[in-house]
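J.: A single structure is presented below for examination.
The values are calculated or read from the model by the stated rules, or taken from the named source; none is laboratory data. This one's a predicted model, so the numbers in the text were calculated from it and none came from an experiment. Note that each Cβ is placed from the backbone with ideal geometry, even for glycine, and that neighbours are counted across all protein chains shown.
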Amino acid sequence: MNRPAPTAAAVAAVAVVGLACAGALVAGCAHSHPKGHFDAAAGKVCAGQVCYTTGALPSGWRLVHQEGASIGFFNEAVGAVIEANATCRDDAEAAPLPTLTRQLLIGYTDRKIEKQETVPLAEREALRTRVDAKLDGVPMALDLYVLKRNGCIFDLSYAAPPDAFARGSGDFARFVDGFSDARKEAKR
C-alpha cells in the first residue's frame, strides 16, 4: 500500500511532541511532572518548583502542547514548532551541556551540526546548537538552547522545514531573548 509522504508541517507538529519527550528524557523519566500553568499574557510557565518566562510570540503561533513545565507552539504558515521545557532535580548540574543537547536529538537521523557555541542566557552559559537532521525521513532544521541554572535544566527549541527555517527564526530569537528563570530563589 502506497502512503503519501508526510508533509513538513505534519512532521513539525510531531516534532513538538518529540522535543517535549526528549526534554523529559533529559530531565529523567522517573521524575513525575507536576501540573503546570501557562500564563500567555506574561509568557510565564510554572510547575512545581520551576517557573520561567519566555518572549512573546506573534499571533501565527498557537499553543499545541502544555504539560508540567513544558510548552509547545506550532505555526502552520511556517510549518514550524517552538518549544520550551524545564525540569529541576538534585543532579541537574551533573550532566554536561553537550550530553543534554544530544539527548534532545534522539529520534532524529542524518544529523549535521551546522554550528555549536556557548552563549550567555539568563546569567548563565547556554549551549546553542544549529542542526540539520531528518525526522521520519523528512528534512528539518533545528535551533536548540540548553542551559542549567540553580538545579534546573532548561531547553528551548525551534524546528522547521529547511526552506522555511528563516521565516520563523526571528520569532524564536524573541522567544529566547525573553527567557528568564522566574523562581523566587533564583533572584537572590
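J.: Scanning for something modelled with pLDDT under 90 and of a type outside the set (D, E, K, R), does segment 70-87 turn up at least one residue?
T.: Of all residues in segment 70-87, those modelled with pLDDT under 90 come to 87.
Filter once more, keeping what is of a type outside the set (D, E, K, R): 87.
Within segment 70-87 (the criterion being modelled with pLDDT under 90 and of a type outside the set (D, E, K, R)), the answer is yes, since at least one residue qualifies.
J.: As an exercise: evaluate residue 61 against (1) surrounded by fewer than 22 Cβ atoms within 10 Å (Cβ to Cβ); (2) touching a residue at least 60 places away in the same chain (Cβ under 8 Å) and give the number of the one condition it does not meet.
T.: Of everything listed in (1) surrounded by fewer than 22 Cβ atoms within 10 Å (Cβ to Cβ); (2) touching a residue at least 60 places away in the same chain (Cβ under 8 Å), residue 61 misses just condition (1).
J.: For segment 64-87, give me the residue count where each residue is more than 18 Å from residue 174 (Cβ to Cβ) and in contact (Cβ under 8 Å) with a residue 40 or more places away in the chain.
T.: 9
J.: I need the full set of residues from segment 134-188 which are in a loop (DSSP other than H, G, I, E, B) and over 13 Å from residue 84 (Cβ atoms), in order please.
T.: Once the filter is applied, which keeps residues that are in a loop (DSSP other than H, G, I, E, B) and over 13 Å from residue 84 (Cβ atoms), segment 134-188 yields 136, 137, 150, 151, 161, 183, 188.
J.: Let me ask another. Condition first: under 14 Å from the mean Cα position of the chain (by Cα) and not aliphatic (A, V, I, L, M). Now tell me which residues in segment 128-147 satisfy that.
T.: Matches in segment 128-147: 128, 129, 130, 143, 145.
J.: In addition: Those residues that are over 24 Å from residue 125 (Cβ atoms) and out of contact with any strand residue (DSSP E or B) (no Cβ under 8 Å at 6 or more places or on another chain), I need them from segment 149-180; list them, please.
T.: 163, 166
J.: Filtering segment 67-125 down to residues that are assigned to a helix (DSSP H, G or I) and not charged (D, E, K, R), which residue is surrounded by the most Cβ atoms within 10 Å (Cβ to Cβ)?
T.: Per the criteria, the residue is 104.
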